[in-house]
Structure formats: structure tokens, C-alpha cells
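Read the structure below first, then the notes.
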Amino acid sequence: MTYAVTISGSPSAASRSARLLRFVESELAEAGIEVRRIDIRALSPAALLAADTSHDDLRYALAQVAGAQAVVVATPVYKAAYSGLLKAFLDVLPQDGLADKLVAPFATGGSPAHLLALDYALKPVLSALGAQHILRGVFAVDQQVPKEEDATLDAAIAERLGASVDQLSQWLHEREVIRQWPANAAGDIRSARSARSAQGAARPTLAA
């Protein structure tokens, strides 16, 4: 099963970074992509802080990441750093937990001064977890992302998120084709063999 997993690193449900995730999730769904969400704030705090990967919450969340072909991470930026909640979750991922996945990092912050947190704080950690394919990412200041669901995102931010969705969709569709190729190839081989057998049976037998 090919799918994308989205990870919210915000401690609040009604956050701007979560709003970015919801926009991306909606666009991916319209493109026919299955999306599974991980809200880190909903995981067991005790298990997260103790890195107890045997806990049901963490075991399930880690399995979702492991099975995904694309990972979308969204976080608020505080004091030029991504959220402590996200850090706690990334700390429990295996060292190669993001290998062979397309990763899209998104962040929101109070001012453009936090922009470099994506490149100099978050992306190096994603790379250390095995991510070799990381999108450029999208950073939005608070004024560009209203919390209200019926409010419109800033046009420039919506356009950049849309470009990220296009890249994610293309990657996932390609992975689905690759995933299905062995089964399709086997089916083609069986069909060809059946056709040859039918042709052989249909040939007239020469009299001795």
C-alpha cells in the first residue's frame, strides 16, 4: 500500500502549522493519495519522553512512518528551533527511519527571522535519519496562515504548498507503479504463456 504520512509537531490542535498540514492533506487526497496523520501531541507523553517504543502509541506511529513512501513534517518554530514535541518524536525514529522516502518539511513562525530554522535546524536532523530526498520546504509567517478554517491561506504560500503536493503526488504515483510492477509483469507472463498454449492446442495434427 502506497501512502503519505503527515506529522504534526505542534502542541496545539488549532495551530498554524497544523493548518498547513490540513491544506496539504486535502490536496493530496484530491490527487488520489492516501494520507495518514500522526499528531505527536496525542501520543503518550510518558512513552515519548522515555522513548518507550514498546508502548502501543509509539509502536503504531513508528509503523506508520516505516510503511510510508512520503513523509510530511510540520512544526511551529520557537526561538529559531523546531518544536520540542517534534524533537522527542524524531529521537525515537530508527537511524535510517526516513531512508528511501520523500520528505517535505513545513514550518510556521512569528517572523521571517525564523526562516533558516528549516535549513539549519530541521533538515540536518531529517538527513541524519536517512532522508536523501528532501523537498525545499515551505516556511510561513503567522500573518500568512490564519487559524480559522474558513479563512484563505496567503496566495504565495498556497502556491508553494501546491508545488510541494505536485512533487509528492508524482513521487507516490511512481512508487505505486514500481510496487505493482512485479505483479503486473507476472500477470503478463502468465497471459503470454496461456496464449502460446492455446495457439499450440489449436494447431491441426498432421497425419502420419
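Over the Cα atoms, compute the radius of gyration (one decimal) and Dmax (the largest Cα-Cα distance, rounded to a whole number) for the chain, in Å.
Spelled out, the Cα radius of gyration and Dmax of the chain are 22.5, 93 Å.
Membrane-span-like helices in the chain: DSSP H runs reaching 15 Å or more (Cα, own axis), mean Kyte hydropathy at least -1.0?
Passing helices, by number: 16-30, 56-67, 155-202.
Determine the percent antiparallel among the DSSP beta bridges restricted to the chain, to the nearest 5.
Close to 10 percent.
Identify all lysines with a Cα-Cα distance to Lys101 below 18 Å; exclude those on the same chain that are fewer than 8 residues away in sequence.
The qualifying lysines are Lys123.
In Å², and per residue, what accessible area does the stretch 4-187 have when probed at 1.4 Å with the other protein chains present?
Accessible area per residue, the stretch 4-187: 48 Å².
The values are calculated or read from the model by the stated rules, or taken from the named source; none is laboratory data. Keep in mind that what you see is a predicted model, and the values were worked out from it rather than measured. We work out accessible area using only protein heavy atoms, side chains counted, and drop any ligands, DNA or RNA first. Shrake-Rupley method; radii C 1.70, N 1.55, O 1.52, S 1.80 Å.
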